[in-house]
Amino acid sequence: MEVEGRASNDNSLTLNLEHGQEDKNISNDSYDLSTAHTIDKDSWQQVGLMLVTGFNCGWIFSFSNLIMVPLGWTWGIILLFVIGLYTAYANWLLAAFHFIDGRRFIRYRDLMGFVYGTKMYHLTWTSQFLTLLLGNMGFILLGGKALKEINAEFSDSPWRLQYYIVVTGAAYFIFSFSIPTLSSMRNWLGASAVVTLAYIAFLVSVAVKDGKSNSDKDYSVSGSKVNKVFNSFGAISAIIVTNTSGMLPEIQSTLRKPAVKNMRKALYSQYTVGALFYYGVTIVGYWAYGSMVSSYLPENLSGPRWINVLVNVIVFLQSAVSQHLFVVPIHEALDTRFLEIGKGMHSGENLKRLFLLRMCFYTGNTFIAAAFPFMGDFVNLLGSFSLVPLTFMFPSMIFLKGKTARTEKKVWHWINIVVSFLLTIATTISALRFIINNVQKYQFFADV
């Protein structure tokens, strides 16, 4: 496929799916491969396992409430299936653009900047990093919520949520300092997969027991017509968050050759094995508790106490691994900018700088998460103004640069762009509406 258009250096672009990665003389031009992190090393099995465990983090316990309650059974199942397929297709397409005109792009912003110029580079950088920052705040809230639930099992007056948020931020800081890159996570993925399966199995078993004993489940969708519309767009945002990250080129950069085929194999793992679990929990939670399902599913569990405690302990531990996956592009940018690339990651000077970088990052994010502890709104906002264009719009924009693209394909990708644009507006308005409502209802640093 030929790709035409202007990059920042006015070069004509050519998309080569696998040819480029066999070329030992890849041109670097303005977007080189200089990075403080490891690239071109990992197997597709490792990346596939990382995606399966990463997307089955504790956030899946909020999806019954965020997705199924506003949509109900019919539209909930339909949209889970349709949007899941749509995001799988969009990521499958984006994986093909890892090599263009003999260049390898290890960062999403570099890819968009090469094809569309400096303004698109900065727009992609801003959209992606806002997505990852919001996502990391959500993970900090998740870990804090899990710790508070553990305390609540043993005390009628647990500590304020903010204390647990601080503990969570400190734990994430320690993990990200000790395991600084995606490739260095390989030794943790096996254990993460085991505990992921464990807490899902425990939770589902209790939820099924509760669902069988609960004969008064209500699946009706409440609210005015206006509220139902806004809530539906919020649910769509949550489904998008369930299925995609907005950082596929950065994940793909760690894969060994052939990177395009290997990335697609890893995606197959995510959208089959991974989706089976996170969709399964979403559906089972709604079936068991109906419209009364909590925004943090473990709150609904009837016990025994040891299962409630164990599930929340595992959620906390597993979230430390998952949050690291979804914030690595920010770490990579900071590490590449401030570390001495010529020296090892664990050299004395680089360890000092790495410590300061991680400490500053998690201090800021922990403070903001403690001030705005509204987990569901973070998920909705994450899937709206930034993740929608990163997932659906930008890959189609790249494709439309093709000289040889058939008319029907161009029409299809223009439809993708228009629909993505409208969806971005609608879901962002819905997410902001949720946030405004919560700001009116709660105080800063609220113990929710």
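The values are calculated or read from the model by the stated rules, or taken from the named source; none is laboratory data. Quantities reported herein were computed from a predicted structural model and do not represent experimental measurements. Methodologically, a virtual Cβ is constructed for each residue, glycine included, from the backbone with ideal geometry; neighbour enumeration extends over all protein chains shown. Surface areas here come from the heavy atoms of the whole protein model, side chains and all, with no ligands, DNA or RNA. Shrake-Rupley method; radii C 1.70, N 1.55, O 1.52, S 1.80 Å.
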Item to check | Linear extension gain, L197 paired with V418, 0.36 nm per residue minus alpha-carbon span | outcome: 75.7 nm
Checklist outcome for this item: Once amide hydrogens are built 1.01 Å from N within the peptide plane, the residues lying 5 or more places from L255 or on another chain with amide H under 5 Å from its amide H are D40, K41, D42
Next on the checklist: I want to check the label-to-label distance for S224 and I341. Put each point 7 Å from Cα in the C-beta direction and report it in nm to one decimal.
Outcome noted: 5.6
Checklist entry - Calculated FRET efficiency, V82 and T38, Cβ-Cβ r, R0 41 Å, to nearest 0.05? => result 0.65
Checklist entry - Taking the chain as a Gaussian network, where each spring joins two C-alpha atoms under 10 Å apart, which residue of N136, N416, N227 fluctuates the most? => result N227
Checklist entry - Helix 275-289 sits at what angle to the longest principal axis of the chain, using alpha carbons and giving 0 to 90 degrees rounded to 10? => result 20
Checklist outcome for this item: Across M68, M263, M345, the residue with the highest GNM fluctuation in the chain (Cα network, 10 Å cutoff) is M345
Checklist entry - Of the listed peptides 237-243, 321-327, 41-47, what is their order by residue-averaged count of other C-beta atoms within 10 Å, with the highest listed first? => result 237-243, 321-327, 41-47
Checklist entry - Taking the Cα centre of the chain as the origin, how large is its charge dipole in debye, to the nearest 20, when only Lys and Arg (+1) and Asp and Glu (-1) carry charge on their Cβ atoms? => result 300
Checklist outcome for this item: So K352 and W159, fully extended at 0.36 nm per residue minus their Cα-Cα distance, gain in nm 66.1 nm
Checklist entry - On the accessible surface of the chain, probed at 1.4 Å, how many percent belong to carbon and sulfur atoms? => result 65
Item to check | Of K119/K401; K41/K261; K41/K343; K41/K352, those spanning more than 23 Å from alpha-carbon to alpha-carbon | outcome: K41/K352
Item to check | Å² per residue, accessible surface of region 193-281 at 1.4 Å | outcome: 42
Next on the checklist: If I build a Gaussian network model for the chain, linking alpha-carbon pairs within less than 10 angstrom, which residue out of A405, A170, A266 has the largest mean-square fluctuation?
Outcome noted: A405
Checklist entry - Between the helical axis of 225-243 and the dominant principal axis of the chain, each derived from Cα atoms, what acute angle in degrees is found, rounded to the nearest 10? => result 60
Next on the checklist: Suppose the chain between I174 and D447 were pulled fully straight at 0.36 nm per residue; how much longer would it get relative to their current alpha carbon spacing?
Outcome noted: 95.8 nm
Checklist entry - For the chain, which longest stretch is free of loop sites, where a loop site is one of the GluC sites (Glu not before Pro) that DSSP puts outside H, G, I, E and B and that has at most 15 other Cβ atoms within 10 Å? => result 154-339
Next on the checklist: Nothing charged except the Cβ atoms of Lys and Arg (+1) and of Asp and Glu (-1): what's the magnitude of the dipole of region 246-348 about its Cα centre? Round to the nearest 20 debye.
Outcome noted: 440
